[in-house]
Each structure stands twice: as structure tokens, then as C-alpha cells.
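The values are calculated or read from the model by the stated rules, or taken from the named source; none is laboratory data. Quantities reported herein were computed from a predicted structural model and do not represent experimental measurements. Cβ atoms come from the backbone with ideal geometry, glycine included; neighbour counts cover every protein chain shown. For accessibility, only protein heavy atoms count, side chains too; no ligands or nucleic acids. Shrake-Rupley method; radii C 1.70, N 1.55, O 1.52, S 1.80 Å.
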Amino acid sequence: MEKEIISSRQFTIVTFLYSIGTAILIIPSSITGAAKQDAWIAASIGVLLSLLVLKLFLTLANQTPSLNFIEANEKILGRFFGKITAICFMIMTFLSAGELLYFIGIFMKTEVMPETPTLAFALLFSILIMYAAYLGIETFARSAEILFPLFTFIFIFFVLSITPQITFENIQPLLEATKASMFYSIARFMSIFSFPLIVLLMLYPTGVNVQPSAQKGLYIGAIFGGIVLVTLIVLSILVLGPENTASRTFPSYALAQRISIGNFLQRIEIIMAFMWITSIYIRTFMYFYTTVVGLAQILKIKDHRPLIIPMGIIVIGLSQIVHPDIVHSTNYNNEIWPIFSFILTILLPILLLIVAAIRNRKSKAQNNETPQQETKNDNQKV
């Protein structure tokens, strides 16, 4: 199978939409529950700290510029331990793909079509994901280019339409949150926003045409994605209030329901839902693609396409059992996911960098010893 390459511009767009992902639906209520009206401050700090996380990911990627993240595990840690860590990482991406299908189903059933079972939405959405995986990463990147201007236009229209309903008293008083609640809010925000960006190392650096531009694109895409999320959090607090935002499952959708322009343009929240479906599609694809391609590389299969349908069927079933209800999902994302993702997306890259540094030192020491031994042998001969 030929190697697929995308442009740095496409990589930037994918980063932007991927960083938003499911956060566009669940992050406002998740961090507002702890930080209240200071949730936007926690999110802003989380965006800034995420730049350090991106630096970590790029440093690791540049250690093995010809390999993706799954291959880098085996290269750095060895065949046995590298496969173990890669499998653990793929378990995370596979579970996340199933969870995102669950989110699509529960969102559509709760807010749009309550009489339709969640399986129907998961099935339709998974067909789209599997077809995109079959066509390849280049086709997927082109689809992201098409969706990007639509997403941007709808988001700007959304912000302008909801702005007249802002109540500044909802965000006062400032800096009332405790240090503990701010810490938990920042950790929750980063676990959903920046930690999963490590999945993009399946594309960078091996899958982009200009690596320096792609590095900038990773930062640019993540920063603008963070700006979108902070804006949504601020609007949720200003319009709904911190208590109402924290109590709702999908606060950003509740914002869209409040749009009313001249008592004429109303009930357009389903159009606004296009933003959420777009960002979730991008992230679900990357999780599924990482799992399928990683499994093919571990099994030494040249073409990952034969694995798409069986893995797709499994992930559909997983979406129906990954969470018994929305309460379980909320608890998982608030309490378990930050720790789970921290281990596999922060501690694992740090481990890989440490091992890679040790190996580089040993190889340099051996290279320095070899010329000295050759010089001694030549002197002895003389």
C-alpha cells in the first residue's frame, strides 16, 4: 500500500477540528461544575499549558521522524515492551472511538430524535467513519478542508446570534473558585482538549509533506481550537449562568436553542448541531484510524483495510455497552478519563523520551570508543 501524504494546511485544519472534538459538547458543564463562573479562566490556563504538552509530543515525534507513534514505541522500547505499550495505547483509542459513537447516539436521541434508538445513529455514523478509513487519510484530510469553512461560518453566526442574550452578572464575582477546584477544572479541560492530541502523531511527521510547517500547524490548530472552546464556555456562563451550565448535559446545544432573531429566525439549533457533528466526526475517525492502522502494523499486515469492517462492527457493539447511562459517562470523563489519559498520553511519551535519550548516549559512547580502539590497533602494528 502506497504511503499517504497530506499537506501542512490540511494537517492544521485536522488539528483544529480534532482538538474541539467532543469537548464542544461536554466541556462547558464538566469544568463549570467545579470552577463555577471562573471556568473560563481554568480553560484559558489549560490552553496555555497545552502548549507544553504539544512541545512534548513534537519532541518525541522528532526522535523518530520516519515512524508514527505506534512504530516509535517498538523502535524505542524494543519489540516486546514496545508492542505492549502500543497495545495499551490502542485500547485507549478503541474505547474512545466507541465512546464517541455513544455520544453521537445519546446526543441525537436526547436532543433531536428521542424515539429513535441510539444504535441507529451509531450504525449510520460508523458507516461514515469506516468508509473514510477505507478511502484513506488523504481523502479524509480533503473532507476536513471542505467542512472547515462551513464550521467556521456557523460558529461565527452562532456567536453573533447569542451575544444579545449575554448577562454579565452571571460571570461575577471573579476569582471565587478555590485552588483545588481550579486545578481539577484545568486537569479535566486538558484531558479532553490537549492530551488526546497525541493521536495526531499517527500523521506527523511521517504523513505530512512539509514538517516545519506542520509543527507550526499543530500549534496554530490547537490554539484556535482552544479559543473556540473558551468562547463556548464564556457564552454558556454569560447566557445560561454557571449553575444552569453545570446542570445541563449539553450546554452548547442549550445555547443554540435560545437563538431568536426578531422572533423570526428561531429553532435553528439543528443547524448549529452541524458544528458538533463535524468535530466529533474528525476525532472519531482519528481514534478509529489509529486503532486499525496500529493493529495492522503490530500484526505485520501491509494493508489495514481488511481490518476496517470487523473492527467497525466491534466498535458499534462497544458504543452500546461502554456507558450504561449518561451519569456513568459524566463520572467517567470527570474522574477516570483524566488519570487514564494522563498515563498513556503524558507519562508514556516522557518514558519514551527518557529511553531514547539513554540509547542515544550509549550509541554515541560506542561510536567514540570505536575510533580510539582502531587507533590503538594501528599503533600496535607499527
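A prolate overall shape is assigned to the range 1-100, the ratio a/c of its alpha-carbon gyration tensor axes (a ≥ b ≥ c) being 1.5 or greater and a/b exceeding b/c. Rolling a 1.4 Å probe across the protein heavy atoms gives the chain an accessible surface of 46 Å² per residue. Mind checking which of THR93, THR22, THR139 has the largest fluctuation in a GNM of the chain, springs on alpha carbons under 10 Å? The residue with the greatest mean-square fluctuation here is THR139. Quick one: among TYR332, TYR219, TYR289, which has the greatest mean-square fluctuation in a GNM of the chain with alpha-carbon springs under 10 angstrom? With Cα springs under 10 Å in the chain, the top fluctuation among TYR332, TYR219, TYR289 is at TYR332.
Ligands, DNA and RNA left out, the 1.4 Å accessible surface of the chain is 65% carbon and sulfur atoms. Candidates ILE87, ASN170, TYR184 compared by Cα position along the dipole of the range 84-228: farthest toward the positive end lies ILE87, with charges placed on Cβ. Computed over the chain with a Gaussian network model linking Cα atoms closer than 10 Å, the most mobile of SER19, SER161, SER341 is SER161. Work out the charge dipole of the chain with +1 on the Cβ of Lys and Arg and -1 on the Cβ of Asp and Glu about the Cα centre, then indicate which of VAL112, SER96, ILE346 is farthest towards its positive end. The listed residue farthest towards the positive side: ILE346. Classify the range 156-220 as rounded, prolate or oblate from the Cα gyration tensor: take a ≥ b ≥ c as the square roots of its eigenvalues, call it rounded if a/c is under 1.5, otherwise prolate when a/b beats b/c and oblate if not. It is oblate, given that a/c is not under 1.5 and a/b is not larger than b/c. Heavy-atom accessible surface of PHE153, to the nearest 10 Å², is about 140 Å², with a 1.4 Å probe and all protein chains retained.
For the range 1-43, the fraction of C-alpha pairs more than 17 angstrom apart is 54%.
Remark: the LEU347-ASP325 segment gains 4.9 nm on full extension, using 0.36 nm per residue and subtracting the alpha carbon distance. Here the calculated FRET efficiency for LYS83 and PHE153, from their Cβ-Cβ distance with R0 = 56 Å, stands at 0.80, rounded to the nearest 0.05. Its Kirkwood hydrodynamic radius, worked out from the mean inverse distance over all distinct Cα pairs, puts the range 191-270 at 15.4 Å.
Considering only GLN257, GLN297, ALA141, and ranking their Cα positions along the charge dipole of the chain that arises from unit charges at the beta-carbon of Lys, Arg, Asp and Glu, the one farthest toward the positive end is GLN297. Computed with a 1.4 Å probe on the full set of protein chains, the accessible area for ILE104 sits at about 10 Å². Take the alpha carbon gyration tensor of the chain, find the square roots of its eigenvalues, order them as a ≥ b ≥ c, and report rounded if a/c is under 1.5; if not, report prolate when a/b exceeds b/c, else oblate. Since a/c reaches 1.5 and a/b is larger than b/c, the shape of the chain is classed as prolate. Per residue, the average separation of C-alpha pairs within less than 8 Å and at least 6 apart gives the chain a relative contact order of 39 percent.
Protection proxy ranking of 23-32, 3-12, 173-182, by the mean of other Cβ atoms within 10 Å over each peptide's residues and highest first, is 23-32, 3-12, 173-182.
Cross-link reach is defined here as a Cα-Cα straight distance under 19 Å, omitting same-chain residues fewer than 8 places apart; for LYS362 the aspartates and glutamates meeting it are GLU74, GLU374. Approximating the spin labels as points 7 Å out from Cα along Cα→Cβ, the ILE271-to-LYS300 distance works out to 5.6 nm.
Magnitude of the charge dipole for the chain, about its Cα centre and with charges confined to Cβ atoms of Lys, Arg (+1) and Asp, Glu (-1), is about 1020 debye.
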